[in-house]
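Inspection log for the structure reproduced underneath, given as structure tokens.
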Amino acid sequence: MITKHAHFDLSTRNTFRMRVRCALFVEVSAEEDLLSLDWDALPQPVLVMGGGSNLLFTKDFPGTVLHVGICHSERSEESWTLGAGVVFDDFCAWAASEGLWGPENLSLIPGECGASAVQNIGAYGVEAKDILTDIRAYDRVEGRFVHIDPATCGYGYRTSRFKTEWKGRYIITAVTYRVSCTPQPKLDYGGVRKALEDSGKVLPSASLRDPVRANASGSTLPLSPKDIRDAIIGIRNQKLPAVEEMGSAGSFFCNPVISREHFRRIVETARKDNGPDYEVPHYEVGDQVKVPAAWMIDQCGFKGARSGGAQVYPKQPLVIVNASGNASPQEVIGLEQQIIQTIERKYGITLHPEVEHV
Ligand SMILES: Cc1cc2nc3c(=O)[nH]c(=O)nc-3n(C[C@H](O)[C@H](O)[C@H](O)COP(=O)(O)OP(=O)(O)OC[C@H]3O[C@@H](n4cnc5c(N)ncnc54)[C@H](O)[C@@H]3O)c2cc1C
């Protein structure tokens, strides 16, 4: 079924809650709908949208917003195929409740399954590409459905060919993820192991390869994907604003990767500010260094900073929130620009937004 709405209000369709409209909103609920759409008659350009959780609408959209509301779900022994419109976290919850390993570390990431393959979503040491086995899409150039091998998608940190040279070409209709009954816990990222130890689900003395949890009688049980999902939901809820309560698009900026020489200069600046023993948080990436953008934003005094109704989230400075509920795109962009310019002046680094500006 195809539904169409002219001059459509997108405020409930983007998690930043920007009050903008598109000329036409089209929703399809089956693959055949994409074949019967009169593409040339649609207001241009066409933007395919999932849950709108990685988008910042900067103004009214002059063209067509297309939502792929295809929501089937088929499970086989070692894989799970999901329509593009299935909420990604529903898949994580279903897999965990069936004791299947694979997506548990990606729990609670907002958005839909179609976009998960565009974005290469990632969290707590796992990325979509690690478990993605097939992508089905409508190729607008060829006018036919294709299967795309994830190995050809150029996946990197929150990026893929869908965001670059393939932009606008493929409309993803379904994705297939690998799931497994074989335990494969990944605990060593972002405090997951500690959260499980604190809740008694993992014994502090447990071997790294075979984490176990204690049961009431003091003996041990294998750790389940649901244990990890629950721990990650707990961590995420403490750090990130729930999209139902406060508008945002998650991490606003990408973490920059710089040369070792540049990093040495940043350490010098940080030690002038914070004392001679101060340690700058960083991760080695080959012969370069990744510096958390949140750390720089915090060091520049932006935690909690406001521009009208937009605010740097006090608990996680990498997130800009629509604190008032009616922040305008210009207020969000104003804050973004202040942050970019201040960090450029202080550290010589240009931050790039992770959130797609439309
Ligand atoms: C509070 C919060 C926390 C977040 N945490 C994380 C996190 O931990 N890790 C992470 O990776 N991301 C995170 N995000 C970002 C976001 O959830 C992901 O990028 C998600 O995949 C976006 O999904 P969506 O359905 O909302 O896509 P949208 O924002 O609607 O679209 C994203 C992109 O995908 C394209 N697209 C969408 N659907 C299709 C389709 N069917 N076919 C072709 N192209 C399509 C769009 O054109 C756009 O370019 C967070 C966001 C929020 C608000």
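The values are calculated or read from the model by the stated rules, or taken from the named source; none is laboratory data. All of these numbers come straight from a predicted model, not from anything done at the bench. Note: ideal-geometry Cβ built from the backbone for every residue, glycine included; neighbour counts use all protein chains shown. With ligands, DNA and RNA removed, areas are computed over all heavy atoms of the protein, side chains included. Shrake-Rupley method; radii C 1.70, N 1.55, O 1.52, S 1.80 Å.
Worth a mention:
- Segment 131-149 - residue that is touching a Lys or Arg at 6+ places or on another chain (Cβ under 6 Å) and not β-branched (Val, Ile, Thr) and, of those, farthest from the ligand (Cβ to nearest atom): His147
- Applying the criterion of being more than 6 Å from the ligand (Cβ to nearest atom) and surrounded by fewer than 22 Cβ atoms within 10 Å (Cβ to Cβ) to the residues of segment 118-130, the residue that is farthest from the chain's Cα centre (by Cα) is Asp130.
- Long-range neighbours under 6 Å by Cβ, at least six apart or interchain, first residue in a loop (DSSP other than H, G, I, E, B) within segment 325-352, second open to solvent by 70 Å² or more (accessible area, probe 1.4 Å): Thr350/Glu344
- For beta carbons closer than 7 Å, sequence separation of 6+ or different chains, a first residue in segment 247-275 that is free of Cβ contacts under 8 Å to residues at least 24 places away in the same chain and a second that is not charged (D, E, K, R), the qualifying pairs are Val267/Val280; Arg271/Tyr278.
- Segment 72-94: number of residues that are under 17 Å from Met1 (Cα atoms) and either within 20 Å of the chain's Cα centre (by Cα) or more than 15 Å from the ligand (Cβ to nearest atom) (or both): 4
- Among residues of segment 46-64 that are closer than 17 Å to Arg158 by Cα, those with a beta-carbon under 8 Å from a residue that is near the ligand (Cβ under 10 Å from one of its atoms) and of a type in the set (Ser, Thr, Tyr) at least six positions away or on a different chain give the pairs Gly51/Thr15; Gly52/Thr15; Ser53/Thr15.
- Within segment 95-117, considering residues that are in contact with a Ser or Thr (Cβ under 6 Å, 6 or more places away or on another chain) and within 11 Å of the ligand (Cβ to nearest atom), the one least open to solvent (accessible area, probe 1.4 Å): Gly111
- Ile109 at pLDDT 95 or above, in a loop (DSSP other than H, G, I, E, B) and either within 19 Å of Glu31 (Cβ to Cβ) or in contact with a helix residue (DSSP H, G or I) (Cβ under 8 Å, 6 or more places away or on another chain) (or both): yes
- Unmet requirement for Lys315, which otherwise passes all of (1) over 24 Å from Gln119 (Cα atoms); (2) of a type in the set (Lys, Arg); (3) part of a helix (DSSP H, G or I): (3)
- Members of segment 227-259 found to be in contact with a helix residue (DSSP H, G or I) (Cβ under 6 Å, 6 or more places away or on another chain) and in a loop (DSSP other than H, G, I, E, B), listed by number: Asn255
- Selected residue (only one of Ala41, Ala30, Ala115 is out of contact with any Lys or Arg (no Cβ under 8 Å at 6 or more places or on another chain) and within 20 Å of Glu356 (Cβ to Cβ)): Ala115
- When segment 137-151 is filtered for residues that are open to solvent by 60 Å² or more (accessible area, probe 1.4 Å) and either assigned by TED's automatic domain parsing to the domain that holds Ser251 or touching a helix residue (DSSP H, G or I) at 6+ places or on another chain (Cβ under 8 Å) (or both), only Arg140 remains.
- Residue that is least open to solvent (accessible area, probe 1.4 Å), among those in segment 165-179 that are part of a loop (DSSP other than H, G, I, E, B) and either touching a residue at least 24 places away in the same chain (Cβ under 8 Å) or within 11 Å of the ligand (Cβ to nearest atom) (or both): Val179
- Residues that are more than 14 Å from the ligand (Cβ to nearest atom), in the same structural domain as Gly122 (by TED's automatic domain parsing) and either of a type in the set (A, V, I, L, M, F, W, C) or within 30 Å of Gly247 (Cβ to Cβ) (or both) do not occur anywhere in segment 60-71.
- Selected residue [outside the structural domain of Asn120 (by TED's automatic domain parsing) and surrounded by fewer than 16 Cβ atoms within 10 Å (Cβ to Cβ)] from Leu47, Leu55, Leu35: Leu35
- Within the option set Thr15, Thr81, Thr64, being buried (at least 18 other Cβ atoms within 10 Å of the Cβ) and closer than 30 Å to Cys181 by Cα holds for one residue only, Thr81.
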